[in-house]
Amino acid sequence: MMKTLMVVSGGDAPGINTLIARYTMLAQAQGDSVVGAMGGFEAVLSGQFRPIDLSMVRRMEGIGGSYLPSSRVPVLAEENARAQLRQTLQDNEIDNVVLFGGDGTLRYVLPLLLEWQIPVAAIPTTIDNDVAGTERTLGFDSACNFAYQTIEGILATAHALPGRLFLLETLGGDTGYLALEIAYAAGVHAVLVPEYDFDMNWLADRLKQAVIRDSFALAVVTEGVKTLPNLLEDIPRLTDTRLRFSRLGHAQRGGQVSHLDRKLATEMAHLAYETFKAGQPGGALMVRQNQLLIVNELVTVAHKAPPDKSLYSHVNDLIDH
Ligand code: F6P
């Protein structure tokens, strides 16, 4: 019988509950057990584990958030905490670990488990899609879908009351992958991300032209754009039009789990379980060329390339697209 520990570390994302449910179904059907840490690595260090309640997590599998509480406290920064982690895993007879986390977790915790030869399935989990080595993180697709619902709502008023300027802020941390994907797929008039500079006069002119042509203008900005406060002041002044601002905030992280995230979570659960059953060392579960792979080279040491410049140019109608 195999005993798996699940740990959620860092920001939650839609799809975590689906994966916990799928994996636990597979394991329980084979007589294996699954326990969860009740608060990231802080909880692991203090031995706070609980068996996964399958009927409960199945009821949550279509919604965002996480059945297992997470933590952002970097408790493993100290050498003695890392030694304690190794000991705790041993004392609790943990055979393998399913580890949910973003770039930081994959960069610092995954190598430890691989080095200690504890089989691991590290799940790149973040709505930001900013993990190097994978095309798609768990939660990204759902967070895009959440934004489209809001955009549809804004467009209803935009068409009903012509002549207005709208600005929608997405989450995304200090990266623009999420905002750019949304802006491109929603066909908005402009997108602003921290990786690429923009000129305020250019933006004002672009939004003004959009109002003349389309009767409204909608731009998407990600929260990491430092000049947002200036923008909220300058755009109304330069365009002589009031700017209506909407912020998705944390609601974007907690929406319904999309079809693609449910499917990805299901495939990840199968790959993780099969890897453990086959006695393999595991690694990070990465999507490459649309295929899910388990990778144990330390890909996460690399930084992810900036968001696709050609998409950015396409949305903003810049000369080089
Ligand atoms: O997990 C990524 C993310 O949702 C970012 O998009 C956002 O900036 C950040 O987490 C918010 O973090 P917290 O919930 O700790 O405020």
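Every number in this text was worked out from the coordinates using simple rules, so none of it is lab data. Nothing here was measured: the structure is a model prediction, and the numbers come from that model. Glycine gets a Cβ as well: all are built from the backbone with ideal geometry, and neighbour counts include every protein chain shown.
One table, with the values for the structure above:
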| item | result |
| --- | --- |
| Qualifying residue in region 1-17 (condition: surrounded by fewer than 14 Cβ atoms within 10 Å (Cβ to Cβ), more than 16 Å from the chain's Cα centre (by Cα) and free of Cβ contacts under 8 Å to residues at least 12 places away in the same chain) | no |
| Residue under evaluation residue 221, criteria (1) more than 18 Å from residue 238 (Cβ to Cβ); (2) within 16 Å of the ligand (Cβ to nearest atom), criterion not met | (1) |
| Tally of residues being surrounded by 14 or more Cβ atoms within 10 Å (Cβ to Cβ) and among the acidic types (Asp, Glu) across region 240-288 | 2 |
| Filtered residues of region 143-172 (kept if touching a Lys or Arg at 6+ places or on another chain (Cβ under 9 Å) and within 16 Å of the ligand (Cβ to nearest atom)) | 143, 146, 168, 169, 170, 171 |
| From the options 226, 304, 208, residue that is within 16 Å of the ligand (Cβ to nearest atom) and more than 30 Å from residue 110 (Cβ to Cβ) | 226 |
| Residue 106 over 17 Å from the mean Cα position of the chain (by Cα), assigned to a helix (DSSP H, G or I) and closer than 17 Å to residue 5 by Cα | no |
| Wholly enclosed helices (runs of 4 or more DSSP H) of region 155-247 bearing at least 3 residues more than 26 Å from residue 307 (Cα to Cα) and free of Cβ contacts under 8 Å to residues at least 60 places away in the same chain | 200-214, 228-239 |
